[in-house]
Amino acid sequence: MNYLNGLNDKQKEAVLCTHGPLLILAGAGAGKTKTVTHRIIHLIKEGIPGNQILAITFTNKAAKEMRERVILNLEKEGLQEEKPFVSTFHSLCVSILKEQAHSIGVTRHFTILDESDAISLIKEALKERDLDPKQWEPRKIKGVISRSKNEFITQSAFEKDAVSPFEKTIAMIWKRYAELARKENAFDFDDLLLNVVEMFTKHKDILEHYQEKWKFIHVDEYQDTNIVQHELLKLMALAQKNALAIDSLCAVGDEDQSIYSWRGADIRNILDYETVYPNAQILKLEQNYRSSQRIIEAASAVI
């Protein structure tokens with residue numbers, strides 16, 4: 001177990017805790033990525049096939065860094081296993097949608113709308129309804145739609161609850177925007193996650209396929225997950241009666257670093273981890289490799 005020599009006691013404990021739900025709490029500079037990387041290596045050394053391991057990050061840069069670290073350490077250990085699937089939430093959902101496109105009535109060669117593409121479709125929807133884009137600003141409409149999707153609110157649910165003329169107009173434009181996107185065989189970024197969650201909810205056989213495929217799931221920066229991402233993970237990880245359907249779910253995060261509420265992050269996801277995943281083990285990485293003790297104490301006092 002030479003690959004464990006560079007870890008401190010708490011990191012080593014997290015690496016060796018390979019089954020059940022686990023929450024690793026760690027601030028910036030505490031070696032989170034190193035710990036997750038070594039945990040993946042340890043699983044493979046213990047005989048877990050690499051293709052049963054999933055690691056989810058928030059940015060392409062973070063995914064690339066973790067993937068490279070895993071591959072480098074596998075090579076150091078002389079392991080030629082199939083590589084784990086390391087990706088962002090959105091890339092993961094693109095992969096799933098391409099594999100299961102037929103189940104939601106699209107082709108696997110769908111396109112992904114960037115912000116300007118989405119705004120253009122909303123402008124088209126406004127034009128069809130003779131609504132002035134200066135009064136009904138497309139970017140603001142897109143923001144309302146995006147926030148709603150991140151809170152796991154569908155167009156039909158939004159329309160049902162719409163009371164004010166503003167909300168009813170948004171619901172109408174959203175409906176047409178969705179029709180135009182479907183006509184082009186396209187999804188916006190928020191649709192990628194929402195469609196997978198809806199697919200898993202409606203098609204138990206598809207959900208069970210991925211629960212069987214990825215038995216060990218790791219999630220970085222858990223404090224920044226939104227409601228849809230949280231639902232996606234619950235579906236993938238839990239069976240009936242809150243029993244863990246997979247062998248291990250490892251979430252890594254820091255409740256003091258949640259700064260993305262403006263884009264849908266919900267701090268309750270990490271605060272309620274033990275409630276959602278009973279018998280979860282909680283480990284704290286408190287040794288810092290980036291900042292002096294004086295800086296740590298000052299930052300903690302501010303927090």
Two-site FRET efficiency, residue 208 against residue 298, from Cβ-Cβ distance with R₀ of 35 Å, rounded to 0.05
0.10
Residue 107: net charge of surrounding residues, Cβ under 14 Å, Lys/Arg +1, Asp/Glu -1, itself excluded?
+2
For residue 190, what accessible area in Å² do you get when you roll a 1.4 Å probe over the heavy atoms of the protein chains, rounding to the nearest 10?
20
Just to be sure I understand, if you calculate Rg/Rh (Cα atoms, Kirkwood Rh) for this structure, which of (1) 1.04; (2) 0.97; (3) 1.01 do you get?
(3)
Averaged per residue, what accessible area in Å² does the chain show with a 1.4 Å probe, protein chains only?
51
Could you pull out the GluC sites (Glu not before Pro) across the range 118-214 that fall in loop regions by DSSP (anything but H, G, I, E, B) with no more than 14 other Cβ atoms inside 10 Å?
151, 184
Among the listed pairs 98/142; 45/234; 32/204; 204/241; 98/213; 98/202, which are separated by more than 22 Å between their Cα atoms?
98/142; 45/234; 32/204
Could you run the Karplus curve 6.51 cos²θ - 1.76 cosθ + 1.60 with θ = phi - 60° over the range 227-244 and give me ³J(HN,Hα) per residue in whole Hz, x for Gly and Pro?
5, 5, 4, 4, 5, 4, 5, 4, 4, 6, 9, 10, 9, 5, 6, 6, 7, 6
Theoretical FRET efficiency, 1/(1+(r/R0)^6), r = Cβ-Cβ of residue 75 and residue 131, R0 45 Å, to 0.05
0.20
For the range 153-303, give the percent of accessible area contributed by carbon and sulfur heavy atoms, probe 1.4 Å, rounded to a whole number.
50
Those trypsin sites (Lys or Arg not before Pro) in the range 213-303 that DSSP places in a loop and that have at most 11 other beta carbons within 10 Å
290
Assign unit charges at the C-beta atoms only (+1 for Lys and Arg, -1 for Asp and Glu), then state the dipole size of the range 67-136 relative to its Cα centre in Debye, rounded to the nearest 20.
40
Non-local amide H neighbours of residue 55 (under 5 Å, H modeled in plane, Pro and chain starts lacking H): which ones?
85, 86, 87, 218
Just how large is the dipole of the chain about the Cα centre, in debye to the nearest 20, putting +1 at every Lys and Arg Cβ and -1 at every Asp and Glu Cβ?
240
How many percent of the accessible area of the range 30-113 is carbon or sulfur, using a 1.4 Å probe?
49
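The values are calculated or read from the model by the stated rules, or taken from the named source; none is laboratory data. Just so it is clear, the model here is predicted, and its values are computed rather than measured. For neighbour counting, all protein chains shown are included, and Cβ atoms are generated from backbone atoms with ideal geometry for every residue, glycine included. What goes into the accessible areas is simple: the full protein's heavy atoms, side chains included, and nothing from ligands, DNA or RNA. Shrake-Rupley method; radii C 1.70, N 1.55, O 1.52, S 1.80 Å.
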